[in-house]
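A.B. asks: Okay, handing you the structure first.
The values are calculated or read from the model by the stated rules, or taken from the named source; none is laboratory data. Note that this is a predicted model, so its numbers are computed, not measured. Glycine gets a Cβ as well: all are built from the backbone with ideal geometry, and neighbour counts include every protein chain shown. SASA here: full protein model, heavy atoms, side chains in, ligands and nucleic acids out. Shrake-Rupley method; radii C 1.70, N 1.55, O 1.52, S 1.80 Å.
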Amino acid sequence: MKKWIRRILMLALFLICAGSVGTIAFVQWQYKANEALYDEASNQFTSTQKNAQEPKGDVAPIVIDFDALQEANPDVIGWIYCEGTVIDYPIMRGEDNDFYLHHAYDKSYSVAGSIFMDYTNGANFEDSNTILYGHHMKNKSMFATLEYWADQAYYEEHPQMWLLTPTQDFRIELFSGYTTSARSEAYMMYPEPCEELNTYLSQAAAKSNFQADVELDGNSHYVILSTCAYVFDNARYVVHGKLVPADSAGGTPLAVK
């Protein structure tokens, strides 16, 4: 009897170990599949700004084929890009804040989800502040590297990002990054300029892990980039940026008026 008990226990342990190994392998496969999907998207829908165009003024460094992107999925409303980092993704806007947590830009199921706009924000970034969400993936994809901006030297190497849309591009001048709660005032919505927005911006700048020289005014438009932070329950790392209109749309120089 004891021999059979030992055999059963050994078999149970073997099955547990095999299951754990299988789960890890499946997760790793999902990570690689997600990386391949977004690498393909970048190769298919983006190109580097060519010197032959001789763009004048402040023009985005990459060009986005929004016609093809929106044909693939009309939920695409922009593209976020930070040179020298992994941040190079389409931005989605769904009917809620759940779908693109678990789906890629092509609507396929994805453990990494997408970078997506809060569904209560206007799709054209017309609100005074707009929230963009992204997972904190263990392979440092999506918005996992936002926490790097807690370091002053990293900020100085990457003081800005680019936000490209079909009608207008923006430089994102980063001015604050810090850990906060998912229920904090960082997620307050301001659809238009107001005195409360001025206070909100000042408080955000005061909390920052890095020091930035960005002029803040309540009449400009802003974004909050948000991801999970594993510091305490419901912790988030957020990075605030000011949107400065560029002389391009989708990376293509705008016609001179």
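A.B. asks: Using DSSP to define loop residues, name the GluC sites (Glu not before Pro) in segment 86-150 whose beta-carbon has at most 12 other beta-carbon atoms within 10 Å. If you can, show how the numbers build up before the last one.
C.D. replies: Working: sites: E95, E126, E147; in loops: E95, E126.
In loop regions of segment 86-150 (DSSP not H, G, I, E or B), the sparsely surrounded GluC sites (Glu not before Pro) are E95, E126.
A.B. asks: Short version: ³J(HN,Hα) in whole Hz for each residue of segment 69-81, in order, from phi by Karplus 6.51 cos²θ - 1.76 cosθ + 1.60 (θ = phi - 60°), x for Gly and Pro, what are they?
C.D. replies: 4, 6, 6, 6, 7, x, 6, 6, 10, x, 9, 10, 9
A.B. asks: S181: accessible area at probe 1.4 Å, nearest 10 Å²?
C.D. replies: For S181, the solvent-accessible surface is approximately 40 Å².
A.B. asks: A follow-up question, please. Out of the trypsin sites (Lys or Arg not before Pro) in segment 39-132, which ones are loop residues according to DSSP with at most 13 other C-beta atoms within 10 Å? It would help to have the intermediate numbers written out before the result.
C.D. replies: Details: sites: K50, K56, R93, K107; in loops: K50, K56, R93, K107.
Passing sites in segment 39-132 are K50, K56.
A.B. asks: Using Cα pairs under 8 angstrom and six or more residues apart, how large is the relative contact order of segment 85-219, in percent? Before the final figure, lay out each step's value.
C.D. replies: Working: 200 pairs, mean separation 25.8, N = 135.
This gives 19 percent for segment 85-219.
A.B. asks: Quick one: how many Å² of R171 are accessible to a 1.4 Å probe, rounded to 10?
C.D. replies: 50
A.B. asks: Compute, for W149, the solvent-accessible surface of its heavy atoms (probe 1.4 Å) with the complete set of protein chains present, and express it in square angstrom to the nearest 10.
C.D. replies: Surface open to solvent at W149 totals about 0 Å².
A.B. asks: Right, here's the next one. Compute the separation of the alpha-carbon centres of segment 75-117 and segment 125-160 and state it in Å as a whole number.
C.D. replies: 14
A.B. asks: Please state the relative contact order of segment 165-242 as a whole percent: Cα pairs under 8 Å, 6+ residues apart?
C.D. replies: Working: 109 pairs, mean separation 36.1, N = 78.
For segment 165-242, the relative contact order is 46 percent.
A.B. asks: So for segment 126-257: antiparallel DSSP bridges make up what percent, rounded to the nearest 5? Numbers along the way, then the final one.
C.D. replies: Numbers: 26 of 32 bridges.
If we restrict to bridges inside segment 126-257, about 80 percent are antiparallel.
A.B. asks: Quick one: pull the percentage of alpha-carbon pairs in segment 161-226 with a separation above 14 Å. List each step's numbers first, then the result.
C.D. replies: Working: 1334 of 2145 pairs.
Result: 62 percent of Cα pairs exceed 14 Å.
A.B. asks: Next question, about the same structure. Hey, if you put +1 on the Cβ of every Lys and Arg and -1 on every Asp and Glu Cβ in segment 79-162, which of Y100, M117, H158 ends up farthest toward the positive end of that dipole?
C.D. replies: Y100
A.B. asks: Here's something else I'd like to know. Could you order V239, V231 so the one with the most accessible surface comes first? Probe is 1.4 Å. Write out the running numbers ahead of the final one.
C.D. replies: Working: V239 0, V231 105 Å².
Output order, biggest surface exposure first: V231, V239.
A.B. asks: Carbon and sulfur together cover what percent of the accessible area of segment 161-245 at a 1.4 Å probe radius?
C.D. replies: On the way: 1870 of 3970 Å².
Of all accessible area on segment 161-245, carbon and sulfur atoms account for 47 percent.
A.B. asks: A further question follows. Could you sort E173, E35, E192 by their accessible area in this structure, using a 1.4 Å probe and putting the largest first? Don't jump to the answer; show the numbers that get you there.
C.D. replies: On the way: E173 45, E35 80, E192 120 Å².
Greatest to least solvent exposure: E192, E35, E173.
A.B. asks: Also, I was wondering about something else. Is there a quick way to get the dipole size of segment 180-257? I mean about its Cα centre, with the Cβ of Lys and Arg at +1 and of Asp and Glu at -1; what is the value in debye to the nearest 20? Spell out each step's value before the answer.
C.D. replies: On the way: 5 positive and 9 negative charges, 56 e Å.
It works out to roughly 260 debye.
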